[in-house]
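Presented below is the structure to which this report refers.
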Amino acid sequence: MRTILITGASRGIGNKIALKALEEGHRISIGLREPNSIKGTPLDPKISGEENIHIVKYDANRVDDSEQWIESSLVRYGAIDSIINCAGIFKRTPFLYKEMEKKEIDELIKINLLAPWHLAKVAWPYLIRNQESRLIFLVSMSGKRSKGKLAGYSVSKFALMGLCQTIRNEGWEYGLRVTAICPSWVNTDMSSQVNSIAKEQMTQPEDLAKLTVELLKLPNSCIPFELAVNCNLES
């Protein structure tokens, strides 16, 4: 059983990962900008049991929220050994952006890169106490290659991939293992406007959740750093 912090669990991939982790018997602490968003769902502690679900208000835009979330989780569980970062935003900011789009670049960098960086940094002293800690980041195939005119999004995800590599280097001696999960299209709200591939042919959130939670079972000697997940042929 692991004690896991999960971001982005209000819906989509993060939600399915949280449900799967709970099903597998892990203790989960979920950071939500709107804690009431899971009220009445299977992630509601009043429905699925309060002993293995901890809900904390967390806004990736607010630096102080990371400290408060981690402190609250430590009080509740006494330890943190894993973080699964699913939070992120998507914007179609091109290289030749318009002046009004400039703020989008800052938003992409802040949410997709700096927020998970800060959360992992604050949790670091507790993660390295455990010789089998895990940091899993939902990066995207856009962190491995660039397609179309998504300069802002791609840059934020390439930077996140670089962060993953560096954290792996610095945490290796402490038994901390990092995995960057890189899916292409996943059948979520983010891909709702995509018409080039049918929704049923996309990677499904439930399947990605299974892959993610399976990583938590593997020994330190068998942890993939990069997990590319394709629903179509990449070239």
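The values are calculated or read from the model by the stated rules, or taken from the named source; none is laboratory data. Keep in mind that this is a model prediction, so the values were computed, not measured. Positions of Cβ are backbone-derived with ideal geometry, glycine not excepted, and every protein chain shown enters the neighbour counts.
Of note:
- Unmet requirement for ASN187, which otherwise passes all of (1) touching a residue at least 24 places away in the same chain (Cβ under 8 Å); (2) in contact with a strand residue (DSSP E or B) (Cβ under 9 Å, 6 or more places away or on another chain); (3) surrounded by 18 or more Cβ atoms within 10 Å (Cβ to Cβ): (1)
- Residue within the stretch 111-128 that is outside any helix (DSSP H, G or I) and either crowded, with 20+ Cβ neighbours inside 10 Å or not acidic (Asp, Glu) (or both) present: yes
- Checking each residue in the stretch 182-235 for being part of a loop (DSSP other than H, G, I, E, B), of a type outside the set (A, V, I, L, M, F, W, C) and out of contact with any helix residue (DSSP H, G or I) (no Cβ under 6 Å at 6 or more places or on another chain) picks out SER192, GLN193, ASN195, SER196, GLN204, LYS217, PRO219, PRO224, ASN230, ASN232, GLU234, SER235.
- Hey, ALA159 modelled with pLDDT of 95 or more, part of a helix (DSSP H, G or I) and surrounded by 19 or more Cβ atoms within 10 Å (Cβ to Cβ) or not: no
- Complete set of residues in the stretch 213-235 that are surrounded by 15 or more Cβ atoms within 10 Å (Cβ to Cβ) and touching a Leu at 6+ places or on another chain (Cβ under 8 Å): LEU215, ILE223, LEU227, VAL229
- Some residue of the stretch 20-34 being surrounded by fewer than 18 Cβ atoms within 10 Å (Cβ to Cβ), at pLDDT 95 or above and of a type in the set (Gly, Ala, Ser): yes
- Just one residue in the set SER154, SER146 is in contact with a Ser or Thr (Cβ under 7 Å, 6 or more places away or on another chain) and assigned to a loop (DSSP other than H, G, I, E, B); that residue is SER146.
- Every condition in (1) in contact with a strand residue (DSSP E or B) (Cβ under 6 Å, 6 or more places away or on another chain); (2) more than 17 Å from GLY8 (Cβ to Cβ) is met by THR203 except one, and the failing one is (2).
- Within the stretch 35-56, if we keep just the residues that are touching a Gly at 6+ places or on another chain (Cβ under 9 Å) and surrounded by 15 or more Cβ atoms within 10 Å (Cβ to Cβ), the residue that is farthest from LEU208 (Cα to Cα) turns out to be VAL56.
- The C-beta contact set for the stretch 61-90 (first residue free of Cβ contacts under 8 Å to residues at least 60 places away in the same chain and surrounded by fewer than 16 Cβ atoms within 10 Å (Cβ to Cβ), second residue assigned to a helix (DSSP H, G or I) and among the basic types (Lys, Arg), distance under 7 angstrom, 6+ apart or interchain) comprises ASN61/LYS110.
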